[in-house]
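The values are calculated or read from the model by the stated rules, or taken from the named source; none is laboratory data. A quick note: this is a predicted structure, and the numbers were derived from the prediction, not measured. Cβ coordinates were reconstructed from backbone atoms using ideal geometry, including for glycine residues, and neighbour counts include every protein chain displayed.
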Amino acid sequence: MRYGFLDEDAKKEIRRATLKAIAIPGYQVSFASRELPIARGWGTGGLQVTLSIINEDDCLKVIDQGCDGSVNAVNIRNFIVSVTDNATTLDTQEATIIQSRHRIPEEPLKEGQTLVLQVPYPEVLTNVEADSFKQKVMHANSDYAKLWVLLYEDTAQFGDSRIGHRYPVMVHDRYAMDPSPIPKYDTRKLHNNKALILLGAGREKKIYAIPPYTKVEPLKFEDRAFKVESFENKKCARCGASGVFMDEVHTDDGTVKYYCNDTAYCDKKLEGKL
Amino acid sequence: MGYVAIKGGEEAIKNSLAFYEEAIQTHQNIEASFVENALRYGVDRVMSEGSLYSKKLASLAILKSGGDLLNASFFLRAHRSSCARAGIAKTIYTDDMRVARRISSAFKDIKGGQILGPSNDYEVKLILKKTLNKTVWNEYKDEDIFVESALKPLRDANMVKTLPKDKTISDITRVFPSAPYPRSAVMQVMARGESGSMLGFAYTSMRGYGDIHPTIGDLRLGSCEVKFTHPLTKNEVKIGEIDMTACEVAATFEKQNDGSTKLTTGFGCCFGFNETKAISMSILDTTLYNKSHTIGQGGIADNFEMIVHHIDGIESQGFTNHYKLPHYVTFQADLQVYENAKNYAKDGEKK
């Protein structure tokens, strides 16, 4: 088997798309998107990005919903290792490439690291305009009026946007972008992040990027606060951490417990390394 | 329920796979060649939707997936991604097909005749009662049959609407185009589309959401030669034959820009023997490129976005199944938004 599974032409094409994406922050670059032995919708966009940028010296971390041991994370990590033989880690600091679904790690990322996010819906305009040709025109004109109307209607009815995750962001004051289904808690981490953030959508055949130190702001009215998920007065029942994104776990005896969603962070905290 | 330890996933998927393999292990007793012969329509469908012509690999994939044809196609697509592309074969003209079956429902009598060939169209679907059909084979000639399309006379008479040819032929596996989609790309998407999805979309145009009323002008099954320019000698060489199904439907008349009135047609073709898919594709080709008379635009099968993005089996299956993946982070985020909206409504009542 070839290193990185994909044939060299495919890797070259994906790298080119990735470079273009980095050059135009927040802009979705089309690519052909190969089928992989992992199903569409299970992270094939992220996988193709990872497989095309990884080299022998990279140390890989794969997480799914904040957890390195989640079945899909394990499956993807095993697949990448089987076609690259690269070293892997659970430690956010140690990793050079972090492929993730739905979370940005709790520990701040640093320069030189690459975060690869798996994306189900790359098009931020999908819910307000289904026609992809019209979407392209709207992006070209920076015409996000329909998104603002949606935000207004939600605010008028419910006091705030109804969007819980994959909250639309404005990248570098130019492109509205879908940040993948991360919680709003993580949205703030996109702003001026030190790491390179690459987003890959396999099924929808799009790659886009947020280069390090890019201005990324959630789409919101200036007189409204951007409300993120809060876990006030909650402490992790395992490591005692607070102020992090939590999993709510309903136990058999009917009580509700909270745990760090980022399991690697929880482990480190427990070992006193944080 | 305790804390979900992070080391659980590895063991869990290993065991789950072992259970699965045990459940379908009876296939160990079945030869792939048996599948290739006895289940040829399954094999053909997998080659077509998997977008890779190999009866051997398709048969193996069907065994590996326990008869789940969508999964079998997925095996072929995944395999395809690891193969480098050698080049582009010469255009195949389905008029040059060595036909096993060719029918036309547009004309009673056509040049070359109606050749029913192998078909289950007139099989009475009684699952229990089975009488063997005895055929006197020696009454049939065994020479190769080549016939022109039954619609050729109409085309020669300049009665058929023609669409402009793409200047360059797309390859959707290398560059997936943006809208407006070149016709070659649309046809490629359909040629490897999922038979059931295409049937469903085509059916919408027949009842309720369109009025194209297709007439099958020429439906043919048979084998076509694949020719290729040899990379070293630059000679044209035949590299094999592939089984194919091709269908041309004739629809209605339409006024052209030059004022003339022309017959509209649609074309469908796919790997292997799969009449339902070829017919569905020819109907979709017609609905996409010709306006409906009664409902105008706004149908389902006349919408390029609808067809181009929703008929791929590998993609729709993968995405539909991905909802089995954990979504607790996103659900937690949604719940908090819901909680806020609930409180907002409550505060509103108080006022």
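A few remarks follow.
- Residue A:189 vs. criteria exposed (fewer than 15 other Cβ atoms within 10 Å of the Cβ) and either in contact with a Leu (Cβ under 7 Å, 6 or more places away or on another chain) or not in a loop (DSSP other than H, G, I, E, B) (or both): no
- Test: residue A:30 is in contact with an Asp or Glu (Cβ under 6 Å, 6 or more places away or on another chain), within 11 Å of another protein chain (Cβ to nearest Cβ) and among the hydroxyl-bearing types (Ser, Thr, Tyr): no
Conditions tested, residue by residue: (1) touching a strand residue (DSSP E or B) at 6+ places or on another chain (Cβ under 6 Å); (2) surrounded by 19 or more Cβ atoms within 10 Å (Cβ to Cβ).
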{"residue": "A:51", "(1), (2)": "no, yes"}
{"residue": "A:58", "(1), (2)": "yes, no"}
{"residue": "A:70", "(1), (2)": "yes, yes"}
{"residue": "A:73", "(1), (2)": "yes, yes"}
{"residue": "A:79", "(1), (2)": "no, no"}
{"residue": "A:86", "(1), (2)": "yes, yes"}
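- Pair list, Cβ < 8 Å and 6+ apart or interchain, from the range A:233-251 residues that are more than 18 Å from residue A:67 (Cβ to Cβ) and within 14 Å of chain B (Cβ to nearest Cβ) to residues that are of a type in the set (Lys, Arg) and part of a strand (DSSP E or B): A:251/A:257
- Residues in the range B:11-56 that are among the basic types (Lys, Arg) and surrounded by 18 or more Cβ atoms within 10 Å (Cβ to Cβ) were compared, and the one that is farthest from residue B:69 (Cα to Cα) is B:55.
- Filter result for residue B:76 (in a helix (DSSP H, G or I) and within 11 Å of another protein chain (Cβ to nearest Cβ)): yes
- Qualifying residue in the range A:189-199 (condition: touching a helix residue (DSSP H, G or I) at 6+ places or on another chain (Cβ under 6 Å), at negative phi and more than 9 Å from chain B (Cβ to nearest Cβ)): yes
- Selection over the range A:254-267 of residues that are more than 10 Å from chain B (Cβ to nearest Cβ) and over 22 Å from the mean Cα position of the chain (by Cα) gives a count of 4.
- A single member of A:174, A:166 is within 14 Å of chain B (Cβ to nearest Cβ), farther than 22 Å from residue A:96 by Cβ and in contact (Cβ under 8 Å) with a residue 40 or more places away in the chain, and it is A:166.
- Residue match in the range B:162-184 (condition: touching a strand residue (DSSP E or B) at 6+ places or on another chain (Cβ under 6 Å), away from every other protein chain (no Cβ under 14 Å) and at pLDDT 90 or above): no
- Total residues in the range B:318-351, condition at the interface with chain A (Cβ under 7 Å from one of its Cβ atoms) and either part of a helix (DSSP H, G or I) or modelled with pLDDT of 95 or more (or both): 15
- Selection status of residue A:217, farther than 17 Å from residue B:329 by Cβ and outside any strand (DSSP E or B): no
- Considering A:118, A:157, A:113, the condition of being modelled with pLDDT under 95 and either crowded, with 20+ Cβ neighbours inside 10 Å or within 11 Å of chain B (Cβ to nearest Cβ) (or both) is satisfied by A:157 alone.
- Restricting the range B:134-161 to residues that are free of Cβ contacts under 8 Å to residues at least 24 places away in the same chain and of a type in the set (Ser, Thr, Tyr), the residue that is nearest to residue B:88 (Cα to Cα): B:140
- Qualifying positions in the range A:69-97 - outside any helix (DSSP H, G or I) and touching a helix residue (DSSP H, G or I) at 6+ places or on another chain (Cβ under 8 Å): A:69, A:70, A:86, A:88, A:90, A:91, A:92, A:97
- Which listed residue, of A:270, A:274, A:219, is farther than 30 Å from residue A:36 by Cα, among the hydrophobic types (A, V, I, L, M, F, W, C) and at pLDDT below 90: A:274
- Qualifying residue in the range A:51-68 (condition: more than 8 Å from chain B (Cβ to nearest Cβ), out of contact with any Phe, Trp or Tyr (no Cβ under 7 Å at 6 or more places or on another chain), closer than 25 Å to residue B:175 by Cα and assigned to a helix (DSSP H, G or I)): yes
- Listed by first and then second residue, the pairs with beta-carbon distance under 6 Å, at least 6 apart or on different chains, first residue in the range B:221-233 and surrounded by 15 or more Cβ atoms within 10 Å (Cβ to Cβ), second part of a strand (DSSP E or B) and polar (S, T, N, Q), are B:221/B:245.
- Of the residues making up the range B:81-102, just one is touching a Phe, Trp or Tyr at 6+ places or on another chain (Cβ under 8 Å), polar (S, T, N, Q) and not in a loop (DSSP other than H, G, I, E, B), namely B:81.
- Applying the condition of being among the β-branched types (Val, Ile, Thr) and assigned to a loop (DSSP other than H, G, I, E, B) to the range A:121-163 and asking which residue is farthest from residue A:103 (Cα to Cα) yields A:128.
- Selected residue (only one of A:179, A:211, A:183 is within 13 Å of chain B (Cβ to nearest Cβ) and touching a Pro at 6+ places or on another chain (Cβ under 9 Å)): A:179
- Answer residue from the range B:83-125, given it is touching a helix residue (DSSP H, G or I) at 6+ places or on another chain (Cβ under 9 Å) and more than 20 Å from residue B:247 (Cα to Cα) and is farthest from the other protein chains (Cβ to nearest Cβ) among those: B:85
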